[in-house]
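So the structure is just underneath, and the comments pick up after that.
The values are calculated or read from the model by the stated rules, or taken from the named source; none is laboratory data. Treat the numbers as computed from the prediction; the structure is a model and nothing was measured. Here the Cβ is made from the backbone with ideal geometry for all residues, glycine too, and neighbour counts use every protein chain on show. Heads up: the accessible areas ignore ligands, DNA and RNA and are worked out on the full protein's heavy atoms, side chains in. Shrake-Rupley method; radii C 1.70, N 1.55, O 1.52, S 1.80 Å.
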Amino acid sequence: MDMLGGLSPSEFLRDYWQKKPLVIRQAFPGFQCPVDANELAGLACEEAVESRIVIENDHGNPWQLHNGPFSEERFSELPQQDWTLLVQGLDHWVPEVADLLEHFRFVPNWRLDDIMASYAPKGGSVGPHYDQYDVFLLQAQGHRRWAFGGHCDESSPRVEGTPLRILSDWEGDETVTLEPGDMLYLPPGIGHHGVAEDDCITLSVGFRAPTIDDVLTGFTDFLCSQSDAASHLNDPDLQVQDNPGAIAPDVIERLHSILMDKLSDKRQLSLWFGQYATAPKSLEIVVPADEPASEDEFADAVRSGAQLRWNEGSRFAYHENENETALFADGEQFLLKGDARPLAPVLCAGARIDMNALALFTGDPALLGLLTNLYNQGSVYFE
């Protein structure tokens, strides 16, 4: 499948990723949307599913936001046009949608956010805006007209009277109409506005990156959870000062040394980041198996040729340290050493795990226990 319009993944990353938009005609030729509007509305009525409705003119108020879950009656009360239903994390609930992510594995797993579905009747949109993440907008049903272009930031003028960050006085540099199978890539900060020309569904494949605040607060919180964090500063060589109100330079030097020692520990940084980056977005879907398996039962299923795949809401990643490989699954870490280290890349390469490669590890009791644990906690399942 020529998903990138003739570009190799390396060429796309070099020339477009986080640099400029790209329109890809028939990225997915003959694409058939795995869900319809009624199914999206049904999901939006579920407590566990994050959903929103955006109405362009809601009783005279511009671009009003309504959060789900919704009642079935709510959809009969909507106007004929100029509104949008958004269903977040559709890949968590629909395996056929999750399968689309296999085409995007040229981007690291830890960068993935989710796939959001946007259904709109004619005229529906969420207004001109910009996002702080990379997104591939795949037209799944109907037609949507996109205007896009221009870098936006916090200083860009916005419409008043709405909880949404709608750009005012904005016009795109380019305009295109996408039909099913077409796709538009947008880097962060690029203004865009998509308007439905008929009943349409757009699938937004989003890729996140942590903020500096996320990194600083997340890593320091992780360090504070370590066993030595409760240790007190000591000063057995304390000397009498001329003024008791002075904070001596050596105190600041000691504090600086402690902070630098902790912050320069790359192993601890990698362990925190792996857990942070794989924490599941939805705790409602990564749930323990209905019938926990014993290690023998799991091994028998592998030997029988059953196909193991990730839970649609699970996240997997790994990091190679000097003497160990840290495997991360749904916010947990597993440290692999020696001959066990190659298991991590096998588990993390894609949602459908290479069973021939995996079978080589089931003879090790410790690794079989790890794999069975991943199954029982709901991170993987047999199709």
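Table for the structure above
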item	result
Which listed pairs, of Lys19/Lys337; Lys20/Lys122; Lys19/Lys262, have C-alpha distances above 32 Å, in listed order	Lys19/Lys337; Lys19/Lys262
Rounded, prolate or oblate (a/c below 1.5 giving rounded, otherwise prolate when a/b exceeds b/c) for the chain by Cα gyration tensor	oblate
Rounded FRET efficiency, nearest 0.05, which uses the C-beta distance separating His256 from Tyr133 and R0 of 35 Å	0.50
Order by protection proxy (mean Cβ within 10 Å, highest first), peptides 206-215, 328-337	328-337, 206-215
Segment Ser71-Asn243, length gained on full extension (0.36 nm per residue, minus Cα span)	55.0 nm
Length released on extending from Gln80 to Leu233, taking residue separation times 0.36 nm less the Cα-Cα span	48.4 nm
Antiparallel %, DSSP beta bridges [both residues in the range 111-248], to 5	100
Two-site label geometry, Lys337 and Asp354: point separation in nm, points 7 Å out along Cα→Cβ	2.6
Reachable aspartates and glutamates from Lys281, criterion Cα separation under 16 angstrom, eight or more residues apart if same chain	Glu47, Glu50, Asp91, Asp113, Asp114, Asp214, Glu312, Asp330, Glu332
Val287/Lys20 FRET efficiency (R0 45 Å; Cβ-Cβ; nearest 0.05)	0.65
Over the chain: helical MRE at 222 nm, DSSP H runs n ≥ 4 each giving -39500 (n - 2.57), nearest 500	-7000 deg cm²/dmol
Between 0 and 90°, nearest 10: helix 249-263 axis offset from the chain longest Cα axis	60
Mean accessible surface per residue for the chain, computed with a 1.4 Å probe while every protein chain stays in place, in Å²	52
